[in-house]
Amino acid sequence: MYQTDPPRPPHEVLPTMYDLPSELVGEPGLPDEFHIFQPRLLSETCQPPNYPTEEILIATDLNLYYDLRHPLWYKRPDWYIVLGVSRAQQQQDLRLSYVIWQEGVAPFLVVELLSPGTEQEDLGQTLREVNKPPTKWQVYEQILRIPYYVVFDRYNNQLRCFRLEGTRYQELSLPNQRLWLEELQLGLGVWQGSYDNTTGLWLRWYSADHQWIPTPAQQVEQERQRAEQERQRAERLVEYLRIQGIDPDNLP
């Protein structure tokens, strides 16, 4: 790049995270913090009431190998869920990747978080190159036939969902940016709030009564609040008994 007079500030001329290569040839740029926080929130709030936790695999950035004829081809969804497979119970059994021809079960739902460098492929707007692996859209729609494909654009605050109908994905209408999944007895929607001390719009799961599923940290806080309310109730009862001339310590 040619020097200018006066020189342009570093933030304008230095490469961004999407210009920097991955350690693997052909991989897109390095992920941003949103790609760390958002999948974690999805995982923490994905609690289907009709599936035991040990029969659900939730994966973030876990390589998905999909073609036995080309065993080195893979995609790496930002987040996905597989129903009816066993989770690892021991650390040494944790999956290094998800291999379709070994597992025998395709993901039920995939979430991709749009990035400037991957937007066209995420939305099925790129064509397969000659002698190259199929595109992400082709793998999800035509090869693995994943029932639901969700795309979230945090730059435009837009949630889009595609459901496999026949042989093609059809985009669903999402009133209030919410999608109810009867198979999971859960809904997925856009939530305005603060997660990990960061305020914004986030993808989050909600229950049949339209309540957002609490994170583990929120569950702990809710239990603490309930315990505090019980303690205060007990103190008021003790005070009331004493006013009535009753010693609470001598009650049977």
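List of remarks:
- Rh (Kirkwood; distinct C-alpha pairs) - the range 146-231, Å: 14.9
- Helices in the chain, meaning DSSP H runs of at least 4 residues, each add -39500 (n - 2.57). Divided by all residues, the mean residue ellipticity at 222 nm is -6000 deg cm²/dmol.
- D (Stokes-Einstein, µm²/s), Kirkwood Cα radius, the range 73-221, 0.890 mPa s at 25 °C: 143
- Fraction of accessible area attributable to carbon and sulfur, the range 31-167 (%, probe 1.4 Å): 46
- Per residue Cα convex hull volume in Å³ - calculated over the range 45-147: 120
- Binned Cα-Cα distances of the range 150-190, short to long, each 5 Å bin given as a whole percent: 6, 21, 28, 27, 13, 5, 0
- Phi to ³J(HN,Hα) by Karplus 6.51 cos²θ - 1.76 cosθ + 1.60 over the range 242-250, Hz, x for Gly, Pro: 5, 4, 7, x, 10, 7, x, 6, 9
- Karplus-derived HN-Hα couplings along the range 195-210 (A = 6.51, B = -1.76, C = 1.60, θ = phi - 60°), whole Hz, x at Gly and Pro: 10, 6, 6, 10, 8, x, 9, 10, 7, 7, 8, 10, 8, 5, 8, 6
- From the coordinates shown, Kirkwood radius over Cα pairs in Å corresponds to which of (i) 19.7; (ii) 21.5; (iii) 18.6: (ii)
- Ratio Rg/Rh, restricted to the range 177-222 and using Cα atoms, in which Rh is the Kirkwood radius: 0.99
- Charging the Cβ of each Asp and Glu at -1 and of each Lys and Arg at +1, and nothing else, the dipole of the chain about its Cα centre rounds to 460 debye.
- In the complete set of protein chains, residue-level accessible area for ASP209 is approximately 100 Å², probe 1.4 angstrom.
The values are calculated or read from the model by the stated rules, or taken from the named source; none is laboratory data. Just so it is clear, the structure is predicted and the values come from calculations on it, not from any experiment. Glycine gets a Cβ as well: all are built from the backbone with ideal geometry, and neighbour counts include every protein chain shown. Side chains included, ligands, DNA and RNA excluded: accessible areas come from the protein's heavy atoms. Shrake-Rupley method; radii C 1.70, N 1.55, O 1.52, S 1.80 Å.
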